[in-house]
Amino acid sequence: MNNQNSKKLILRALDEYLSKELNSNAHRRLLLHCCCGPCSTSVVDLLNKYFDVTLYFSNSNMDSLDEFNLRYQNAKIVADKYNIPIIMDDYTPESYYEKVAGLEHLGEKSLRCYECYKMRMVRTAEFAKNNDYDLFTTTISVSPHKLSDWINEIGEELAKKYDIEFLYSNFKLRDGYKKSIIISKELELYRQEYCGCVYSKQERGGSDE
């Protein structure tokens, strides 16, 4: 299947899913993992119409506690705008470094990123299951730098493992990423220039100090 057909199938499946959700009038509880404020904007704007959304900020891949806290504060701005709750997971960077050990030299969209997606989505799925949410998903796919096929593959695996529904998505489609930029500017959010980990910062020419 080529990339264009894959995108069409994801959009069709998401449209059908959201239409069914709207017609059911159930407003089920969705735990939405968020990586930062900007990536949360257009995703929350879309999903808040269909679900009772809670943001889950779980990002132990951040290169420092300062960066972790800054991104959390900006995600909270988005939560406040849409009047939804936000939960902050513990910052445990050692868990990230354990997951990517031996993969540090690999670049963006590599196995290093796959393990990073998975680590954060595992924590989201576990929290959702343990706290009676109906389903979970993540905002990560809104970024043009992130691979939605991997994200959906991980989500499907975790849905089976934890017996909880996963919402398939590619939130960058239909100008999702462009909309996130517009809303971020309106809210004057901090828009970072790297994904958050020390390796991406180094690869984009930043300091690791």
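The values are calculated or read from the model by the stated rules, or taken from the named source; none is laboratory data. Here the structure is a predicted model, which means the values were calculated and not measured. Note that each Cβ is placed from the backbone with ideal geometry, even for glycine, and that neighbours are counted across all protein chains shown.
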Got a number for residues in the stretch 24-67 being under 25 Å from E98 (Cβ atoms) and buried (at least 19 other Cβ atoms within 10 Å of the Cβ)? 15
Look at L187 and say whether it is modelled with pLDDT under 90 and not β-branched (V, I, T). no
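Can you tell which of N131, N61 is in contact with a Gly (Cβ under 8 Å, 6 or more places away or on another chain), more than 24 Å from L187 (Cα to Cα) and of a type outside the set (V, I, T)? First the steps, then the outcome.
Numbers: N131 fails: in contact with a Gly (Cβ under 8 Å, 6 or more places away or on another chain).
Within the list N131, N61, the selection yields N61.
Scan the stretch 81-98 for residues that are over 17 Å from C36 (Cβ atoms), assigned to a helix (DSSP H, G or I) and charged (D, E, K, R) and jot them down.
We begin by selecting, within the stretch 81-98, every residue over 17 Å from C36 (Cβ atoms); these are 83, 85, 90, 92, 94-95, 97-98.
With assigned to a helix (DSSP H, G or I) added as a condition, the list becomes 94-95, 97-98.
Hits for the stretch 81-98 are E94, E98.
Conditions (1) part of a helix (DSSP H, G or I); (2) β-branched (V, I, T); (3) more than 22 Å from P38 (Cβ to Cβ), marked per residue:
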{"site": "G102", "(1), (2), (3)": "no, no, yes"}
{"site": "Y117", "(1), (2), (3)": "yes, no, no"}
{"site": "R120", "(1), (2), (3)": "yes, no, no"}
{"site": "D132", "(1), (2), (3)": "no, no, yes"}
{"site": "T137", "(1), (2), (3)": "no, yes, no"}
{"site": "H145", "(1), (2), (3)": "no, no, no"}
{"site": "R174", "(1), (2), (3)": "no, no, no"}
{"site": "I183", "(1), (2), (3)": "yes, yes, no"}
Among the candidates Y82, Y72, which residue alone is buried (at least 20 other Cβ atoms within 10 Å of the Cβ), of a type in the set (S, T, Y), under 22 Å from R191 (Cβ atoms) and at pLDDT 95 or above? Y72
Determine which single condition N130 fails, assuming it passes every other condition in (1) more than 19 Å from V43 (Cα to Cα); (2) buried (at least 19 other Cβ atoms within 10 Å of the Cβ). (2)
Within the stretch 18-51, track down each residue that is in a helix (DSSP H, G or I) and modelled with pLDDT under 80. L22, N23, S24
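Can you confirm whether K109 is among the basic types (K, R) and either at negative phi or exposed (fewer than 12 other Cβ atoms within 10 Å of the Cβ) (or both)? Walk me through how you get there before you give the answer.
Details: among the basic types (K, R): yes; either at negative phi or exposed (fewer than 12 other Cβ atoms within 10 Å of the Cβ) (or both): no.
No.
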Of the listed residues (I154, I164, I182), the one being within 24 Å of D80 (Cβ to Cβ), out of contact with any Pro (no Cβ under 9 Å at 6 or more places or on another chain) and of a type in the set (A, V, I, L, M, F, W, C) is I182
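From the list I10, I77, which one is in contact (Cβ under 8 Å) with a residue 12 or more places away in the chain and within 20 Å of E165 (Cα to Cα)? Before you say what the answer is, go through the steps one by one.
On the way: I77 fails: within 20 Å of E165 (Cα to Cα).
Just a single option satisfies the conditions, and that option is I10.
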Among the residues of the stretch 91-113, is there at least one that is farther than 25 Å from E153 by Cβ, in contact with a Leu (Cβ under 8 Å, 6 or more places away or on another chain) and at pLDDT 95 or above? yes
Determine, yes or no, whether S169 is in a helix (DSSP H, G or I), buried (at least 21 other Cβ atoms within 10 Å of the Cβ) and in contact (Cβ under 8 Å) with a residue 40 or more places away in the chain. no
Out of I151, I140, I182, I164, report the one residue that is touching a Lys or Arg at 6+ places or on another chain (Cβ under 6 Å) and either surrounded by 21 or more Cβ atoms within 10 Å (Cβ to Cβ) or closer than 17 Å to S40 by Cβ (or both). I140
